[in-house]
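The values are calculated or read from the model by the stated rules, or taken from the named source; none is laboratory data. The structure displayed is predicted, hence computed values, not measured ones. Counting neighbours? That spans all protein chains shown, and the Cβs are built from the backbone with ideal geometry, glycine included. Note: areas computed on protein heavy atoms with side chains; ligands, DNA, RNA excluded. Shrake-Rupley method; radii C 1.70, N 1.55, O 1.52, S 1.80 Å.
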Amino acid sequence: MRRVAGKASGGHVIRAMCILLLLALLIGILITEAARSAGTYSYEAAKVATYTVTDSFSAYVFRDETAFRSSNNGPVEYLVEDGAAVGAGESLANVYGGSAGEFVQREEAAALYEEIGRLENALERDVIPWQAAYTESYAALMNAMGAGDLQAGLRAGEALAATLERRSAFGDSESAVRVQIATLRARVDELVRYEDAPHTLTAKENGYFTYETDGYEALFGVSAIESLTPESLNRLLATPQTDALSVGKLVSGGTFCLAVTVAPEVAQGYTSNVSYRVRMARGGETDMQLVRMSPSDDGSAILLVFRADQRPADMDFSRRQPIEVDRERVTGIRIPAMALYSENGENAVYIASDGIAGRRRVEILCRDGGCCIAAIRSDTGYLREGENILITSRSVYEGKVLNR
């Protein structure tokens with residue numbers, strides 16, 4: 001019995017050793033394969049591509065604007081929508097007198113008018129299905145928040161709320177909503193019951209009417225750019241302003257300018273009297289001519305002034321505009337950034353030709369994240385279109401045999 005038990009025990013040991021040896025062999029195979037895979041070479045054909053070099057700035061808008069002011073301190077009844085295109089002679093708003101202290105009734109009426117407008121919008125039967133409008137507004141909200149643009153996010157959020165309100169009205173009793181609107185209007189009428197005829201604001205020319213004012217309307221006209229410098233722009237921005245009596249402004253739909261203060265090295269990439277594509281981050285884009293490059297007194301900054309003859313339809317009315325300017329379009333050979341080497345003050349890549357590594361010089365025109373654009377050169381030793389750019393983590397040198 002003891003001999004049988006001994007034989008059985010010895011068999012278990014042998015099987016365990018075999019299993020361990022097999023595991024070691026398997027691990028060795030996996031490590032070898034991983035090392036072989038990690039050391040393989042990959043290639044990318046050198047192709048010609050065009051890249052647009054873009055700069056981001058914060059600009060100030062100069063345009064002809066007329067602020068509407070009224071000594072009446074009561075409710076303001078707007079007769080056109082905020083941002084609406086209006087014609088000369090068109091009535092824009094009625095401004096009533098107030099009898100309950102400075103601007104108290106105006107603020108109360110503004111809240112009532114806002115609620116009335118919201119309910120009236122909710123009753124509209126939009127041609128676009130509400131689901132599509134919801135999806136569009138939600139996407140705009142997420143994009144704006146992801147980009148950190150709070151103003152654009154606020155507008156998208158308001159559009160989203162309006163869509164949901166409109167959807168809600170479809171399921172509710174329309175008559176109940178109309179009764180609520182009538183009740184709110186009755187409260188507004190109560191505020192102005194003892195007032196005589198209101199002060200009616202009228203457009204003197206064609207343009208766009210917006211409720212928002214900032215007090216800079218008279219200072220930031222188009223003519224102001226003729227002598228604008230970095231210092232004078234800062235003085236304009238520092239000028240104390242008050243718009244307590246303002247109830248809206250008429251904005252010209254024609255010529256407008258964008259003023260940007262940049263460092264001298266940034267200004268070197270721009271040329272006077274050249275047109276550039278400008279995109280407003282909150283909406284609208286157009287071609288604008290660089291009409292002024294004015295240095296500061298100490299040379300530490302350069303003022304760039306871009307000018308266009310027509311306001312883009314989607315551009316909002318903010319004084320301060322985040323913008324993107326397409327500075328130049330660069331055409332060259334596209335190179336993966338990880339394939340680029342810097343050796344002895346020169347930029348270079350390695351290419352694969354008939355299984356042999358070859359070194360090619362490159363002249364970098366611009367960089368963008370994971371790629372570079374190199375100049376197209378016919379000189380000997382420079383990278384040419386169609387060559388296979390070598391991408392590897394291995395050490396490589398001129399003439400190396402590229403075995404896989």
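For E328, the requirement of being over 30 Å from Y208 (Cβ atoms), open to solvent by 10 Å² or more (accessible area, probe 1.4 Å), among the acidic types (D, E) and not in a loop (DSSP other than H, G, I, E, B) is met. Pairs linking a residue in the stretch 263-286 that is under 13 Å from P322 (Cβ atoms) and among the aliphatic types (A, V, I, L, M) to a residue that is in a strand (DSSP E or B) and open to solvent by 20 Å² or more (accessible area, probe 1.4 Å), with Cβ atoms under 8 Å and 6 or more positions apart or on different chains, are V278/E285; V278/T286; V278/D287; V278/E324; V278/D326; M280/P322; A281/P322; A281/E324.
Listed by first and then second residue, the pairs with beta-carbon distance under 8 Å, at least 6 apart or on different chains, first residue in the stretch 323-337 and basic (K, R), second part of a strand (DSSP E or B) and surrounded by fewer than 15 Cβ atoms within 10 Å (Cβ to Cβ), are R327/T54; R329/T50; R329/T52; R334/K47; R334/V48; R334/A49. Please verify whether the stretch 202-222 includes one or more residues that are in a strand (DSSP E or B) and open to solvent by 50 Å² or more (accessible area, probe 1.4 Å). Yes, some residue in the stretch 202-222 is in a strand (DSSP E or B) and open to solvent by 50 Å² or more (accessible area, probe 1.4 Å).
Listed by position, the strands (runs of 3 or more DSSP E) inside the stretch 51-110 whose residues that are at pLDDT 90 or above and open to solvent by less than 70 Å² (accessible area, probe 1.4 Å) number at least 2 are 84-86, 91-95. Contact map, the stretch 203-224: first residue under 17 Å from L237 (Cα atoms), second residue of a type in the set (F, W, Y) and at pLDDT 95 or above, Cβ cut-off under 6 Å, separation 6 or more or different chains; pairs are F220/F62; V222/F62; A224/F62. Considering only residues that are farther than 19 Å from P230 by Cα and among the basic types (K, R), look in the stretch 266-309 and name the one that is farthest from the chain's Cα centre (by Cα). Ranking the candidates gives R277 first. Only residues that are aromatic (F, W, Y) and either touching a Pro at 6+ places or on another chain (Cβ under 8 Å) or closer than 20 Å to E81 by Cβ (or both) were counted across the stretch 196-231, and they come to 3.
Do the conditions hold for A197, that is, is it assigned to a helix (DSSP H, G or I) and surrounded by fewer than 12 Cβ atoms within 10 Å (Cβ to Cβ)? It is false that A197 is assigned to a helix (DSSP H, G or I) and surrounded by fewer than 12 Cβ atoms within 10 Å (Cβ to Cβ). Residue-level check: of (1) in contact with a strand residue (DSSP E or B) (Cβ under 8 Å, 6 or more places away or on another chain); (2) open to solvent by less than 30 Å² (accessible area, probe 1.4 Å); (3) farther than 30 Å from N388 by Cβ, A339 misses just (3).
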